[in-house]
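Novice: Pasting in a structure now, in structure tokens, and then I'll have a few things to ask.
The values are calculated or read from the model by the stated rules, or taken from the named source; none is laboratory data. None of these values were measured; they are calculated from a predicted model. Here the Cβ positions follow ideal geometry from the backbone for every residue, glycine too, while neighbour counts run over all protein chains shown.
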């Protein structure tokens with residue numbers, strides 16, 4: 001998590017806390033990662049997550065707004081069609097979560113990289129139709145790193 005404290009005016013008093021790095025880990029994503037035996041791909045376990053635990057945490061920590069992204073590993077295991085399907089599901093669900101949050105949640109789209117065309121199409125859909133505020137670009141997708149071609 002990364003917290004930004006916003007202030008207003010000369011007093012410098014804190015007006016709101018914004019969490020700009022919070023993970024969204026729905027059960028469907030956990031099942032997908034588990035199907036690919038990738039729960040420990042990043043050398044640490046993916047934590048359990050729920051909408052209720054997110055709300056309880058943000059309420060307790062007095063966080064006014066949270067920006068969600070999916071955690072590593074990136075949802076690509078060699079099958080572009082599968083990655084497109086999972087990314088669409090993640091983005092659709094994040095949009096619903098944000099819409100029901102009374103303005104307390106924003107999200108960044110998950111893209112089906114390394115397929116650049118599919119990623120561009122999903123970015124456009126998520127940003128223009130679903131309300132994403134940005135996109136998550138992982139350092140790599142299944143071992144394929146972003147490089148200049």
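Novice: Could you go through the range 63-73 and let me know if any residue there is out of contact with any strand residue (DSSP E or B) (no Cβ under 7 Å at 6 or more places or on another chain), over 18 Å from residue 127 (Cα atoms) and free of Cβ contacts under 8 Å to residues at least 24 places away in the same chain.
Specialist: The answer is no, given that none of the residues of the range 63-73 is out of contact with any strand residue (DSSP E or B) (no Cβ under 7 Å at 6 or more places or on another chain), over 18 Å from residue 127 (Cα atoms) and free of Cβ contacts under 8 Å to residues at least 24 places away in the same chain.
Novice: Also: Just one of the numbered conditions (1) under 15 Å from residue 138 (Cβ atoms); (2) assigned to a loop (DSSP other than H, G, I, E, B); (3) out of contact with any strand residue (DSSP E or B) (no Cβ under 8 Å at 6 or more places or on another chain) is not true of residue 33; which one?
Specialist: (2)
Novice: Going through the range 67-107 one residue at a time, which ones are within 18 Å of residue 47 (Cβ to Cβ), touching a helix residue (DSSP H, G or I) at 6+ places or on another chain (Cβ under 9 Å) and outside any strand (DSSP E or B)?
Specialist: If the condition is that a residue be within 18 Å of residue 47 (Cβ to Cβ), touching a helix residue (DSSP H, G or I) at 6+ places or on another chain (Cβ under 9 Å) and outside any strand (DSSP E or B), then 70, 71, 73, 74, 75, 90, 93, 94, 97 are the ones that fit.
Novice: Assigned to a loop (DSSP other than H, G, I, E, B) and either crowded, with 17+ Cβ neighbours inside 10 Å or free of Cβ contacts under 8 Å to residues at least 12 places away in the same chain (or both), is that true of residue 38?
Specialist: The answer is yes for residue 38.
Novice: For the condition buried (at least 17 other Cβ atoms within 10 Å of the Cβ) and at pLDDT 90 or above, what is the one hit in 86, 46?
Specialist: So the residue among 86, 46 that is buried (at least 17 other Cβ atoms within 10 Å of the Cβ) and at pLDDT 90 or above is 86.
Novice: Can residue 79 be described as surrounded by 11 or more Cβ atoms within 10 Å (Cβ to Cβ) and modelled with pLDDT under 90?
Specialist: No; evaluated as a whole, the condition is false for this residue.
Novice: Taking the stated definitions as given, is residue 18 farther than 19 Å from residue 134 by Cα, surrounded by 11 or more Cβ atoms within 10 Å (Cβ to Cβ), modelled with pLDDT under 90 and touching a strand residue (DSSP E or B) at 6+ places or on another chain (Cβ under 9 Å)?
Specialist: no
Novice: Regarding residue 122, is this residue farther than 22 Å from residue 19 by Cα, under 17 Å from the mean Cα position of the chain (by Cα) and modelled with pLDDT of 95 or more?
Specialist: Judged against the criteria, residue 122 is a match.
Novice: Here's something else I'd like to know. In the range 108-149, which residue that is in a strand (DSSP E or B) and in contact with a strand residue (DSSP E or B) (Cβ under 8 Å, 6 or more places away or on another chain) is surrounded by the most Cβ atoms within 10 Å (Cβ to Cβ)?
Specialist: Looking at residues that are in a strand (DSSP E or B) and in contact with a strand residue (DSSP E or B) (Cβ under 8 Å, 6 or more places away or on another chain), I get 110.
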